[in-house]
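Chemist: Shown below is the structure under consideration.
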Number of protein chains: 6
Amino acid sequence: MTIETNLMAELTWVEYQASIQRENPFVLLPVGALEQHGPHLPMGTDHLVPLAISKAIADRIRAIVAPPFNYGYKSQPRMGGGNHFCGTTSLEGHTLSLLLRDVLLEFVRHGVKRIAVIDGHYENMMFLTEGIDLALTEARRDGITDVRVVRLEYWDFTSEETLKKVFPGGFPGYALEHAAVMETSMSLHLHPHLVRLDKIPNDPPADFPAFDVFPYNLTQIPPSGVLSQAKGASAEKGKLLFDEYVEKISAALQSEMERP
Amino acid sequence: MTIETNLMAELTWVEYQASIQRENPFVLLPVGALEQHGPHLPMGTDHLVPLAISKAIADRIRAIVAPPFNYGYKSQPRMGGGNHFCGTTSLEGHTLSLLLRDVLLEFVRHGVKRIAVIDGHYENMMFLTEGIDLALTEARRDGITDVRVVRLEYWDFTSEETLKKVFPGGFPGYALEHAAVMETSMSLHLHPHLVRLDKIPNDPPADFPAFDVFPYNLTQIPPSGVLSQAKGASAEKGKLLFDEYVEKISAALQSEMERP
Amino acid sequence: MTIETNLMAELTWVEYQASIQRENPFVLLPVGALEQHGPHLPMGTDHLVPLAISKAIADRIRAIVAPPFNYGYKSQPRMGGGNHFCGTTSLEGHTLSLLLRDVLLEFVRHGVKRIAVIDGHYENMMFLTEGIDLALTEARRDGITDVRVVRLEYWDFTSEETLKKVFPGGFPGYALEHAAVMETSMSLHLHPHLVRLDKIPNDPPADFPAFDVFPYNLTQIPPSGVLSQAKGASAEKGKLLFDEYVEKISAALQSEMERP
Amino acid sequence: MTIETNLMAELTWVEYQASIQRENPFVLLPVGALEQHGPHLPMGTDHLVPLAISKAIADRIRAIVAPPFNYGYKSQPRMGGGNHFCGTTSLEGHTLSLLLRDVLLEFVRHGVKRIAVIDGHYENMMFLTEGIDLALTEARRDGITDVRVVRLEYWDFTSEETLKKVFPGGFPGYALEHAAVMETSMSLHLHPHLVRLDKIPNDPPADFPAFDVFPYNLTQIPPSGVLSQAKGASAEKGKLLFDEYVEKISAALQSEMERP
Amino acid sequence: MTIETNLMAELTWVEYQASIQRENPFVLLPVGALEQHGPHLPMGTDHLVPLAISKAIADRIRAIVAPPFNYGYKSQPRMGGGNHFCGTTSLEGHTLSLLLRDVLLEFVRHGVKRIAVIDGHYENMMFLTEGIDLALTEARRDGITDVRVVRLEYWDFTSEETLKKVFPGGFPGYALEHAAVMETSMSLHLHPHLVRLDKIPNDPPADFPAFDVFPYNLTQIPPSGVLSQAKGASAEKGKLLFDEYVEKISAALQSEMERP
Amino acid sequence: MTIETNLMAELTWVEYQASIQRENPFVLLPVGALEQHGPHLPMGTDHLVPLAISKAIADRIRAIVAPPFNYGYKSQPRMGGGNHFCGTTSLEGHTLSLLLRDVLLEFVRHGVKRIAVIDGHYENMMFLTEGIDLALTEARRDGITDVRVVRLEYWDFTSEETLKKVFPGGFPGYALEHAAVMETSMSLHLHPHLVRLDKIPNDPPADFPAFDVFPYNLTQIPPSGVLSQAKGASAEKGKLLFDEYVEKISAALQSEMERP
């Protein structure tokens, strides 16, 4: 390629085809959301982060980054504050599953054999799983059975060691990590100009009951949309997390590429 | 706002909400495709161009640019070469309609009153129209009837005068303008580093019959994916087109904002 | 056959089966709409015309005419005046695609190898295309890959020469040809008793902006539903157009039948 | 009206609107199928008959006949011989329900208050019922609750007295009345030129078990597609049946029109 | 098996797998409804009865009883009183078809070759038929064509002889047999503690016209929800009916198991 | 009520209606799955347990237990071993969402104001959430906004104290608790005759990577379907867990009933 890029949107079809045919690369599909992330983080956080992770992975292993899904499934109170916030812009579950099914089937038609869905929004997980299952069922009916699709939530690659460094006072759990220390730190590392440092709220962690109720009980949801403290965030912690995700996910995908 | 941005993905929800409530801005939704654009243009051309147009409009009128739809409806032979090319990555029509319906209904929930769908891929048109109709039907059932949605294909804003400048030898018609003079010129203006100048093919214009046949008659489709000459393209022509689109679409939206 | 008919609805299944097995005929599927066509043309115009064309084609080439689709996709302002008129009776896009998919798959099951969808309503085009694509995908999963489906809009077969005869003062363009000279002329040729000559309006052509807005801007739409002058219509012009369509489409289908 | 017609497809929208607003007519929607009807009856029997009935009703009461649905739900062995016959062309159940929902909602938008779905194909019944229910649910959410939809299978209007005249040897039951005495008689009355008298089979009535099995047990299904004797058919019997349907359905609809 | 059970929900997967592989059993799927059954019968009658029948069949032939579908299609006035009653809890038709399609495809994946859908709610019939058809189409695309699915409504196995015993005064017809003599008798036989004997209404049989109207004409529907007399019911009659169903359905399934 | 039952299927509609109108009870909907649970637990475990919990809750608070959903979403490797096991019988995600939407809308029509979806299968969670959201959106369009729906996974009500008693050696985490100590203990408490004690496997806990791959990497999944040790299970532990769930969920629902 004359132009140095791993982005599918920037490649010509001739270059893309050559890569698929000669290099058997992973196609990485970043999937996120457009969702409130408190008064200090941009609403695109959930797709900006997996896009950045995907690009960094593609610098390490043979991979092409497909254009991201910028919209995801409805935010849930205990995970992302709930879907009632202004700005949170979500899809129905079936729409998201169909969207992924359609795109995966196209990659399969192109001859791609390894695809990784890099998810940055917890609520997406099951609808993405369904989209993958629908696509592989249809691919199978087209006689194609040698495609492998990985779906991962990037934060599942955080080591205990890193957690201790990021949360010296103890990890409050992934459930409350919305617009909190981890996402804020990574945003400070990846796009510091988009973090409104002066707007980081100083609220205590949210305290949810063990069940969901619809319509939401708004007295349980922090009005800021931040589920736990973001005050301890730093660009250094963000780099630590980001580098670990890139390294570990790259290794995982590499092993899936080599697995017979 | 402390951060200068018109991009919804870069705004916090608090800033976005304030804008919606105080300024009643247009929300601009760029919609495109991931589609072969010949050996010389990037596959993201159809979403990169409307995204650039949307950003430029948002510099002129009160508007916020939503994250783009990067995938569109299946490419058709007489419009974009057909959906059989490697790299072309398309959605089912129903998926695209549902995707737009869902996102529009969220904007409506936010209190947005003016939305413009800025389409850069001809094949999307009717499925977007359907998505808008589905959304407005549901909004009406929620008692909301004061939302207005514009849908436009940007090239419909080309003036006769500009056409003459861009095609001194005569305009071959929009149907064949895929990866040809207009898109290549705009790409040279907007992102020259993504145009593979040495790869521009020198094929004669495609000659299609007056009907479509499925599966495609591949003998009718240029193997390069370019439907007519791109040789006359230039950054200057691209700027001319781009500026006209931005100016005229801005004016059109402004008039829709002011229309009672 | 003892009864002279090319209509599938009038054939017995035994006759139809014999024809499919022995003659490998085209099955022609007329698709139209039930839509306002001004104060002078019947609302069935868009399905009556393609049905008449299909019957005439079946008199020329080996073909069987399937019962028409009498309802089509939602009328659009710049194409057919918009879907707000009383009497216009339209389908959701997905419904139309499913309808065509289902019927095509049945023809495939019968052993039909050549099918032509004869469309008389512009707004249908992309949803028909989608229905064909869905059907061929399913047929392929049933192991059937030798079926060919043509989709055409009949007016695309108008020659420049004919246009000049029909519009001696210059062709206003297909976009405004709703209930105007072409459709009125063909109606005068095909079913003159259904044309209310005294009701032909004398309005100037509609003047639409380069974009669509929903809900419609009713000030832009002629209250009559006629988008441009119908005054120059005549049965002679109608015959000229009709004969050309029948001849040219017959030839096109014949060539598709013979193409390997 | 200057043109004497009750057919919606032949009316202009202006005439139709005037009728809806001034006369509050029933809109009659004939729904049928394209289905094998033995070696002697045309495949369109199930939509030709309800269309004829609808037209005759519209000559008696204030009613407009909408264009028919020419395709219906999959033929079942014990009702219509099964869907494996060549020529039988059926829709998925969901497609049929959506089709009816869409069309009913349009009539509702026009201001129609009384609609009758005149069904000529038993297998359609439940999917039509569902389509009506879906439409009325949506209409209710648009605030419209004064629309009334009748759905009927025309043969349910046969009197005991008529049955005795048509079947002097005893009525074999509606289940086996596919392409048999009743349909053949009505076809002889309505369109005798479409009945292949010499092709009427002389098979004994089909003998089905009390259950359905899929895929069909083809040994149970008469290869002709005729489920019981058609030999006793006559145009006189057809007229008797037809006239009774028209008279009784007209009376039923009239009573629904007058019911508060 | 160490535990004596024919219920799939009570088997371990290892036991189930062993049975499928070694014994090629029928899988019986009871399908019913949750629907008003008058003031004297439980709302689960339509799923309780086919579940009991299925269990008894599984004691006779090689069969495993899958967990029942407890919810069915919308009750219709002439069959079950209508869907407006409090307590009647119904599915959309498409939902029911998809539900059955999904479950059947799983049985097919398990290697099951004979499946019987034992229906206890008339309104389900066509939507179950559609679910079966959808599943077999998909199974065929997976290359599986040796699966056989029976669908039956249990009351179709009532003999003339039994009808005479149960209705010494003459059979009013299945249409009105909702919460009447047959269902009440079977309930008295199967679960007498659930029959509120003192609540059996003493209303005359319902008198419906030959058509359906939506919304329902409530003056035609007995407020009790009982469509005809239940007074003649008895546990003895219930046993007679139940035993006949079990015996005859067992025989029918056995013959389908042995049919090549 | 003369018959002592809290089961909706056993109530007459008259009794149910009286309860809804007079007592405003919770309707509890147990939702589970039919899924392999190792060689020692019945496949119905995931619906049998929430059904038992629901019944016990209904003995404590004003509540009626609706018939359970016996089938759930596709089992996932890291949660339930994966959907490839023989016997596991799952629904598509969209089917499950529609099923719940339909049933909830019926309860809403009945006048029910408090509904609790008692989920016993982790993979269901997001599709149930979607079903609730779809139902409440439709209810809102019917003008009903005072319905409250709780969705809970029962194990989220386990206290730290109980966890310590059940896992004296340390809790391996909910992810691996499939057919392991908690489910086996509860089964020993609720239906000991359905536990095959001699079949409890003695495998080490499963070791999954931090991502999912499709098709599954079968080398990572225990062939028994048990994800961690079940050896420490006992009826006593089961009673401890069960009683805590009943008590705590009852309290939670009671508080939701009283919350304004």
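Chemist: For peptide B:58-69, how many partner chain Cβ atoms fall within 10 Å of a residue's Cβ, on average?
Modeler: 2
Chemist: What accessible area, in Å² to the nearest ten, does a 1.4 Å probe give for A:Cys86?
Modeler: Approximately 20 Å² for this residue.
Chemist: I'd like the residues of the range B:8-39 whose 1.4 Å-probe accessible area shrinks by no less than 50 Å² going from the isolated chain to the full set of protein chains.
Modeler: Listed in order, they are B:Ala9, B:Glu10, B:Thr12, B:Trp13.
Chemist: Still on this model: Hey, can you grab everything whose amide H is under 5 Å from the amide H of E:Leu7? Only 5+ residues off in sequence or another chain; H modelled, so Pro and N-termini drop out.
Modeler: E:Val65
Chemist: Could you tell me which residue out of F:Gly82, F:Leu176, F:Leu100 lies farthest along the dipole of the range F:79-202 toward its positive end? Charges go on the beta carbon: Lys and Arg +1, Asp and Glu -1, centred on the Cα centre.
Modeler: Looking along the dipole axis, the top candidate is F:Leu100.
Chemist: Toward the positive end of the charge dipole of the range B:122-169, about the Cα centre and with charges on Cβ (Lys, Arg +1; Asp, Glu -1), which of B:Val166, B:Gly143, B:Tyr154 goes farthest?
Modeler: Working it through, the farthest residue towards the positive pole turns out to be B:Val166.
Chemist: Right, next: With only Lys, Arg, Asp and Glu charged, each at its Cβ (+1 for the first two, -1 for the last two), find how big the charge dipole of chain D is about the Cα centre; round to the nearest 20 debye.
Modeler: Here the size comes out at about 180 debye.
Chemist: Distances from A:Asn202 to the same position in the other copies: list them in nm, one decimal, shortest first, using label points 7 Å from Cα along Cα→Cβ.
Modeler: 6.0, 7.1, 8.0, 8.0, 10.3
Chemist: A further question on this structure: Excluding residues fewer than 8 places away in the same chain, name every one of the lysines whose C-alpha is closer than 26 Å to that of A:Lys248.
Modeler: Candidates past the 8-residue exclusion: A:Lys55, A:Lys113, A:Lys164, A:Lys165, A:Lys237, A:Lys239.
Chemist: Mind checking which of C:Thr88, C:Thr129, C:Thr137 has the largest fluctuation in a GNM of chain C, springs on alpha carbons under 10 Å?
Modeler: Highest fluctuation among the options: C:Thr137.
Chemist: Separate question: Could you compute how much accessible area chains D and C hide from each other, both sides summed, with a 1.4 Å probe? Nearest 100 Å² is fine.
Modeler: 4400
Chemist: Once R0 is set to 51 Å, what does the formula 1/(1 + (r/R0)^6) return for the Cβ-Cβ distance between C:Leu197 and D:Glu160, expressed as a FRET efficiency to the nearest 0.05?
Modeler: 0.45
Chemist: Still on this structure, please answer the following. At 222 nm, what helix-only mean residue ellipticity would the protein assembly as shown give, in deg cm²/dmol to the nearest 500, using -39500 (n - 2.57) for each DSSP H run of four or more?
Modeler: Helices in the protein assembly as shown give a 222 nm mean residue ellipticity of -13000 deg cm²/dmol.
Chemist: Quick one: pull the percent of accessible area on the range F:121-255 belonging to carbon and sulfur, 1.4 Å probe, ligands and nucleic acids left out.
Modeler: 57
Chemist: Put the label 7 Å from Cα along Cα→Cβ for C:Asn217; what are its distances to the other copies, in nanometres, shortest first?
Modeler: Listed shortest first, these distances are 4.1, 5.0, 5.0, 5.8, 6.8 nm.
Chemist: What shape does the protein assembly as shown take by its C-alpha gyration tensor, where a ≥ b ≥ c are the square roots of the eigenvalues and a/c under 1.5 counts as rounded, a/b above b/c as prolate, and the rest as oblate?
Modeler: Verdict is oblate for the protein assembly as shown.
Chemist: Could you do me a favour and compute the accessible area per residue for the range E:48-131, 1.4 Å probe, result in Å²?
Modeler: That works out to 18 Å² per residue.
Chemist: At 1.4 Å probe size, what's the solvent-accessible area of C:Ser90? Round to the nearest 10 Å².
Modeler: About 10 Å², rounded to the nearest 10.
Chemist: If you rotate chain D onto chain B, whose Cβ in D ends up lying nearest the axis, and how many Å away is it?
Modeler: Value returned for chain D: D:Arg141, 3.
Chemist: About the Cα centre of the protein assembly as shown, what is the dipole size in debye to 20, counting +1 per Lys and Arg Cβ and -1 per Asp and Glu Cβ, all else neutral?
Modeler: Charge dipole, the protein assembly as shown, about its Cα centre: 0 debye, nearest 20.
Chemist: Still on this structure, I have one more. To one decimal in nm, how far is A:Gly232 from the same spot in the other copies, if labels go 7 Å from Cα toward Cβ? Please give the shortest first.
Modeler: 2.8, 6.5, 8.0, 8.0, 9.0
Chemist: Please give the average number of partner chain Cβ atoms lying within 10 Å of the Cβ of each residue in D:212-220, rounded to a whole number.
Modeler: 5
Chemist: Determine which residues of the range C:189-212 fall in the zone a paramagnetic label at C:Asp243 would reach in this model, i.e. backbone nitrogen under 19 Å from the point 7 Å along Cα→Cβ.
Modeler: C:189-192
The values are calculated or read from the model by the stated rules, or taken from the named source; none is laboratory data. Keep in mind that this is a model prediction, so the values were computed, not measured. Every residue, glycine as well, gets a Cβ built from its backbone with ideal geometry; the counts of neighbours run over all protein chains shown. These accessible areas exclude ligands, DNA and RNA; they are computed on the full protein's heavy atoms, side chains included. Shrake-Rupley method; radii C 1.70, N 1.55, O 1.52, S 1.80 Å.
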